Amino acid sequence: YIPNLGPMSLAGLNFSEAKLKLTKTIDQKMIGVKASISMGQLRSIRVFVLGEAYLPGSYVVSSLSTITNALVLSGGVSINGSLRNVQLKRKGKLIQSLDLYDLLLTGDTSNDAQLKSGDVVFIPPVGETVGISGAVRRPAVYEIGDKITMQELVKLAGGVLPSAYPAKSIVQRIGKEGARTLLSLDLNTVEALTTEVQDGDVIDLPKVLDQLEEIIKISGHVQRAETLRWTKGRRLSEVMPDISRLKANPDLQYGLIKRYVKPGRKLHVLSFSLAKSLAAPLSEGDLVLHDQDEVIFFGLLN
């Protein structure tokens, strides 16, 4: 409100735009008057942060502060507080509920309401929780609020890692009699993904085995030890087609193949002659290799 001019609407303008509008209006309607416009300090208000805050109490904030501003001043939500049901109360009535998961995980600030003098930001105790560990991007304990499915929980945890093996996921659950039980879930199936998690559940997504599958190892008297891809029917002459990969003075008449035979994975050692293998590829002397075989070459003594 400007004396002798009346009210002017400045809502929606930034300070530079508002200053320009005021200056033009005063220059046009108040001849001989020079306007000097500056920004004054914002009005302060007092609010309360109560419940499960690290430092509950009364705080003086600016009149443009929101729920999250008050939470920051109070040190944030304590370990026992709810992140999913932060309440704004005004004169004893619930005005707004803020789910901090929406803010922290998706950047949604639509429910971060502006505060007024005397408002109370109340943090109730944490609700139902579940834990998730293993091969997920954000392993942690999560507050679930309403019932959620296994798929929604994995999404809260940022999704699975490329190294995850969800087919052998394990759920620790407290049964009705108070005993902890184990459930095995294949999270590659729709049935498992739509399973509802319960309060106190602990889900573990294992990683794939560190052991490489479908490989052949080349070692011993070679220029460079290698790990090659195994395919069914691959023979010795294919992994060592000539002696250029061997060191000087190799033994072409004797070498060994270390092989673990299923199902007991007993170690078998086979001998071979590289000379026979190269002289007659695809013959009986050109041995067929198995997955996980290690082919060892030797050198001759000078």
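The values are calculated or read from the model by the stated rules, or taken from the named source; none is laboratory data. All of these numbers come straight from a predicted model, not from anything done at the bench. So basically every Cβ, Gly included, is an ideal-geometry build from the backbone, and we count neighbours across all protein chains shown. These area figures cover heavy atoms from the full protein model, side chains too; ligands, DNA and RNA do not enter into them. Shrake-Rupley method; radii C 1.70, N 1.55, O 1.52, S 1.80 Å.
Pull out all pairs, ordered by first then second residue, where Cβ-Cβ is under 7 Å, the residues are six or more apart or on different chains, the first lies in the stretch 125-144 and is more than 18 Å from R173 (Cβ to Cβ), and the second is among the polar types (S, T, N, Q) and open to solvent by less than 20 Å² (accessible area, probe 1.4 Å). Correct list of pairs: P125/S82; V126/S82.
State all residues of the stretch 16-45 that are assigned to a loop (DSSP other than H, G, I, E, B) and not hydrophobic (A, V, I, L, M, F, W, C); if no residue qualifies, say none. Scanning the stretch 16-45 gives G32, K34, S36, S38, G40, Q41, R43. Look at (1) closer than 16 Å to S117 by Cα; (2) in contact with a Ser or Thr (Cβ under 7 Å, 6 or more places away or on another chain); (3) part of a loop (DSSP other than H, G, I, E, B) and you find that F48 fails only one, number (3).
Checking each residue in the stretch 184-208 for being among the polar types (S, T, N, Q) and surrounded by 12 or more Cβ atoms within 10 Å (Cβ to Cβ) picks out T189, T195, Q198.
One residue stands out among those in the stretch 25-66 that are of a type in the set (K, R) and loosely packed, with under 11 Cβ neighbours inside 10 Å: the one that is nearest to G127 (Cα to Cα), which is R43. Do we have V261 as touching a His at 6+ places or on another chain (Cβ under 8 Å), within 16 Å of V288 (Cβ to Cβ), β-branched (V, I, T) and modelled with pLDDT under 95 here? For V261, the condition - touching a His at 6+ places or on another chain (Cβ under 8 Å), within 16 Å of V288 (Cβ to Cβ), β-branched (V, I, T) and modelled with pLDDT under 95 - is met.
Restricting the stretch 158-183 to residues that are surrounded by fewer than 18 Cβ atoms within 10 Å (Cβ to Cβ) and polar (S, T, N, Q) leaves a set whose member that is farthest from T194 (Cα to Cα) is S163.
Among the numbered conditions (1) in contact (Cβ under 8 Å) with a residue 40 or more places away in the chain; (2) within 29 Å of Q211 (Cα to Cα); (3) touching a strand residue (DSSP E or B) at 6+ places or on another chain (Cβ under 7 Å); (4) polar (S, T, N, Q), the only one that S237 does not meet is (3). Taken over the stretch 255-297, the criterion of being in contact (Cβ under 8 Å) with a residue 40 or more places away in the chain and exposed (fewer than 15 other Cβ atoms within 10 Å of the Cβ) is satisfied by P281, L282, V288. Output the residues belonging to the stretch 151-173 that are closer than 29 Å to P124 by Cα, out of contact with any Asp or Glu (no Cβ under 8 Å at 6 or more places or on another chain) and not charged (D, E, K, R). Answer for the stretch 151-173, where residues must be closer than 29 Å to P124 by Cα, out of contact with any Asp or Glu (no Cβ under 8 Å at 6 or more places or on another chain) and not charged (D, E, K, R): Q151, L153, V154, L156, A157, G158, G159. The residues of the stretch 209-228 that are open to solvent by less than 70 Å² (accessible area, probe 1.4 Å) and in a loop (DSSP other than H, G, I, E, B) amount to a single one, H221. In the stretch 132-157, the qualifying residues are those that are in contact with a Pro (Cβ under 9 Å, 6 or more places away or on another chain) and open to solvent by less than 40 Å² (accessible area, probe 1.4 Å), and the one that is nearest to E191 (Cα to Cα) is V154. Within the stretch 98-115, the residues that satisfy the criterion of being hydrophobic (A, V, I, L, M, F, W, C) and open to solvent by 50 Å² or more (accessible area, probe 1.4 Å) are L104, L105.
Screening the stretch 112-207 for strands (runs of 3 or more DSSP E) wholly inside it with 3 or more residues that are modelled with pLDDT of 90 or more and over 30 Å from S63 (Cα atoms) returns the ranges 129-134, 140-143, 169-174, 180-185, 202-205. If the condition is being in a strand (DSSP E or B), of a type outside the set (D, E) and closer than 20 Å to G285 by Cβ, then the stretch 229-258 contributes R235, L246, P250, L252, Q253, Y254, G255, L256, I257, K258.
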